[in-house]
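The values are calculated or read from the model by the stated rules, or taken from the named source; none is laboratory data. All of these numbers come straight from a predicted model, not from anything done at the bench. Cβ atoms come from the backbone with ideal geometry, glycine included; neighbour counts cover every protein chain shown.
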Amino acid sequence: MIFWIACVGEPLPVDPESPRLYRAGQLAERLVQRGHKVVYWAATLNHAKKTFRAAENRKIRVRENYDLILLHGRGYQKNVSLRRVLHSYDVAKNFSDLASNLNHRPDLILCAYPTIELSDACVRFGRSHNIPIILDVRDLWPDIFEDYLPKPAALLFRPVRSYFDRTARQAFSGATAITGISNGFVNWALNKGHRKSTKLDKHFFHAYLPYEPSGEEKRAAEEYLNKAGVSNSPDGFLVAYIGNLSFDTELACSIDAVRMIPWEIAKNFQLVICGLGEALDSLKRQASDLPNVIFPGWLNKAQISVLMNRASIGVVPYLSTKNFRAAIPNKVGEYLSAGLPIISTIQGNLAEFLEENKCGVTVPNNSPKQFASAIVALYKSGEERNNMSRRASNVFHQHFDADKVYNDYCKHIEELARNRILRDGGTET
């Protein structure tokens, strides 16, 4: 069968330094391995690095039965900005123009939501050609916009919000099926689209595929982290964050927490903040007098593997916005894969999940003192921390193992496409 996957915010297999692939990238790889043809519609802009992969629309052959089509937009530097909205419009328009001119129609389209514009364009195209559409919900756009806007701006934004609401409702009501990273996300989309749940609507957690670097890769990663100042001492206690450095994190709070850790612990302690993003310079200034706060930069998958083997704790330090309250973020599966207990600041679904599975703790938002207390308690806990680590590994294999989660997702995609083919009296391609 032929599948189109549309997703504009993830690393791609053609990006430099062999980045680890996320949800859409892993689904594409697995569908090709299962004997299908995949066209992956992405963006010329690398969302994480804010750099362009190409200066115009471009088609790239990844390998047999696997093509990338990069859709060009004007680009943006800030995640919450008018320019990002205009960029998303550019990308959606280029999808509509290029999709109409391709000779081979897909048996199914899966589009990551957001962006609203690309999701709507995919649904419109699918419906006009009798192609089933899955919208896979990762963020609650546009509901979350006002969480990031000051009140005067939020009032001015309401007419735009109404437009986005209508477009999102149209996309969800027209989709064949809704999937998402949590049950809360799926239910939100169903409500937004004024539709009832069916067996086609399912959640699949953000899964993670652990990477085992080669000997040479591991040596290079060890050397890179050592030069960056990341401790490799057996007495070290590393708390790690790996992700985008945006202003919707509470990394500033975690840095303040470092100042409150007693010296007898702080001398063996490091907070390692990995990644790139608009908050990086601000965070570096804040931590400029703290030698045990380390910024190694953006890490490739071998470096991430080595870092997580050195770490003792993984942190999920996000604001408890509507979006995060309903989510189980992708950081969770990543940390659990290495047996790392989690410190989270997100109230809601994740707090309940960590408590139920006894593999992490949740602290209040904007509370450096309680963040520091959680670090100290886990440092001192010894046997209990080891028990949490064992439970973390078990929870990973039950809920976040990419081999299990994404193979189940592929079966769901195949079944939906097959039903459409049989309904129309055709045969599989």
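Quick notes on this structure:
- Considering each residue of the stretch 127-140 in turn, none proves to be basic (Lys, Arg), touching a residue at least 24 places away in the same chain (Cβ under 8 Å), surrounded by fewer than 22 Cβ atoms within 10 Å (Cβ to Cβ) and in contact with a His (Cβ under 8 Å, 6 or more places away or on another chain).
- Tally, over the stretch 335-364, of residues that are free of Cβ contacts under 8 Å to residues at least 12 places away in the same chain and of a type in the set (Val, Ile, Thr): 0
- Residue match in the stretch 141-158 (condition: touching a strand residue (DSSP E or B) at 6+ places or on another chain (Cβ under 9 Å), within 30 Å of Phe353 (Cα to Cα) and not assigned by TED's automatic domain parsing to the domain that holds Pro329): yes
- Residue in the stretch 171-178 that is within 20 Å of Asn330 (Cβ to Cβ), modelled with pLDDT of 95 or more and within 22 Å of the chain's Cα centre (by Cα) present: yes
- Positions within the stretch 187-207 being more than 16 Å from the chain's Cα centre (by Cα) and touching a residue at least 24 places away in the same chain (Cβ under 8 Å), in sequence order: Trp188, Ala189, Lys192, Gly193, His194, Leu200, Asp201, Lys202
- Residues that are in a helix (DSSP H, G or I), hydroxyl-bearing (Ser, Thr, Tyr) and at pLDDT 95 or above within the stretch 89-118 comprise Tyr89, Ser96, listed in sequence order.
- Selection of the stretch 335-365 for residues being touching a Cys at 6+ places or on another chain (Cβ under 9 Å), among the polar types (S, T, N, Q) and surrounded by fewer than 24 Cβ atoms within 10 Å (Cβ to Cβ) yields only Asn365.
- Screening Ser373 on (1) closer than 30 Å to Gly25 by Cβ; (2) of a type in the set (Ser, Thr, Tyr); (3) out of contact with any Cys (no Cβ under 9 Å at 6 or more places or on another chain) shows it passes everything except condition (1).
- Asp139, sole failed condition from (1) modelled with pLDDT of 95 or more; (2) of a type outside the set (A, V, I, L, M); (3) closer than 25 Å to Leu200 by Cβ: (1)
- Scanning the stretch 374-406 for residues that are farther than 14 Å from Pro341 by Cα and buried (at least 17 other Cβ atoms within 10 Å of the Cβ) returns His399, Phe400, Asp401, Ala402, Val405, Tyr406.
- Here Gly339 qualifies as on the phi > 0 side of the Ramachandran plot and either of a type outside the set (D, E, K, R) or not assigned by TED's automatic domain parsing to the domain that holds Thr176 (or both).
- All helices (runs of 4 or more DSSP H) inside the stretch 331-429 with 2 or more residues being more than 25 Å from the chain's Cα centre (by Cα): 368-381, 383-399, 402-423
- Residue satisfying all of: in the stretch 72-103; crowded, with 19+ Cβ neighbours inside 10 Å and of a type in the set (S, T, N, Q); farthest from Leu156 (Cα to Cα) among these: Asn94
- Restricting Gly9, Gly25 to residues that are surrounded by fewer than 23 Cβ atoms within 10 Å (Cβ to Cβ), touching a Pro at 6+ places or on another chain (Cβ under 7 Å) and not aromatic (Phe, Trp, Tyr) narrows the list to Gly25.
- Set Gly297, Gly277, Gly314: member being of a type outside the set (Lys, Arg), on the phi > 0 side of the Ramachandran plot, in the same structural domain as Arg390 (by TED's automatic domain parsing) and modelled with pLDDT of 95 or more: Gly297
- Some residue of the stretch 245-255 being touching an Asp or Glu at 6+ places or on another chain (Cβ under 9 Å), hydrophobic (A, V, I, L, M, F, W, C) and touching a residue at least 12 places away in the same chain (Cβ under 8 Å): yes
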